[in-house]
1. Not counting the cut sites, what is the longest span of chain B without trypsin sites (Lys or Arg not before Pro) that DSSP labels loop and that have at most 13 other Cβ atoms within 10 Å?
2. Label-to-label distances across copies for B:Met1, with labels 7 Å out along Cα→Cβ, in nm, shortest first?
3. What's the lysine pair count for the protein assembly as shown at a Cα cut-off below 14 Å, pairs eight or more apart or interchain?
4. Between chain A and chain B, with a rotation axis joining them, whose C-beta in A is nearest that axis, and what is the whole-Å distance?
5. Please name whichever of B:Val118, A:Ala36, A:Leu86 sits farthest to the positive end of the charge dipole of the protein assembly as shown, dipole taken about the Cα centre and charges placed at Cβ: Lys and Arg +1, Asp and Glu -1.
6. For chain B, what is one quarter of the convex hull surface built on the Cα atoms, given in nm²?
7. Relative to the Cα centre, what is the charge dipole magnitude of chain B, using +1 at the beta carbon of each Lys and Arg, -1 at the beta carbon of each Asp and Glu, and rounding to the nearest 20 debye?
8. Mean separation of Cα pairs under 8 Å and 6+ residues apart, divided by the residue count of chain B: what relative contact order is that in percent?
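We did not get these values from a lab; they are worked out from the coordinates using the rules stated. Only a predicted model underlies this, so the values are computations on that prediction, with no experimental measurement involved. Here the Cβ positions follow ideal geometry from the backbone for every residue, glycine too, while neighbour counts run over all protein chains shown.
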There are 2 protein chains.
Amino acid sequence: MKIYFSGSISGGREHAAIYQQLVAYLQTLGHEVLSAHVADPDVLEREKDTAPRLVFERDVAWVQQCDVMIAEVSTPSLGVGYEYGLAVQLDKPVLCVYRADLRISKMITGNPAPNLKVATYVTEAELERITLAFLEALTTAQA
Amino acid sequence: MKIYFSGSISGGREHAAIYQQLVAYLQTLGHEVLSAHVADPDVLEREKDTAPRLVFERDVAWVQQCDVMIAEVSTPSLGVGYEYGLAVQLDKPVLCVYRADLRISKMITGNPAPNLKVATYVTEAELERITLAFLEALTTAQA
């Protein structure tokens, strides 16, 4: 599947290692991650001179093209909040995952959209299990 | 006018004093701020036991009802990112303001929506001037 991975860039990179593990896991499963650059440790430096309009239009186009969005929402981020809302509105299946010891916005945890699943994880292995189960349920639903 | 003020709650409260000044300024101008609680220093404590679903549905209803959204986007926030996107999509006039010494998400600064204005400020007085000019331009356009 084509997956849009959403994670914080300007908002803070404290969970960048988790983004990297998760994107690598999705690629190992054979999926195409349109926004794999989000997991790149150098993304801030690499994109700092890219015109905001280009970034916006590229990312919105990817959200429109994707089959599924997976958002790691442990780090507060304007861009992730925007992208998750856009994907839900476009009726994409969306999985939002975050560390179980954190409290995140009720604008995510309180959203009753049927195409949205919100889950917490403790370990990396648990994050992978949640992600795999989410993707497998979609495949089963489509079959 | 009915104004939805958007500012970070779970994402961090480091600009809460600015939210308070801005909401008070809007009220002084005679506007109704639907979401004035965002500026309340005790909002985290006050809303911590409110069901996420109730917060989500109340805030979405207020965004739908408002004439204008003003978002202070200096603090990265999933909720603010979501709400700003919703307001732009609903064709509300939206003003996003942030401190000039910060870099924020290109998913805001790169959005070419004609009903969105993004501006930076240095002083509180400048923030008030930007806000007043934005609101006056709307009133002129409607007249």
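1. With trypsin sites (Lys or Arg not before Pro) excluded where exposed in loops, chain B gives B:49-102 as its longest stretch.
2. 4.0
3. Lysine pairs, 8 or more places apart or on different chains, close enough: 8.
4. Closest Cβ on chain A to the axis mapping it onto B, in Å: A:Gly81, 1.
5. Of the candidates, A:Leu86 comes out farthest on the positive side.
6. 8.0
7. It works out to roughly 360 debye.
8. Over chain B, the number comes to 25 percent.
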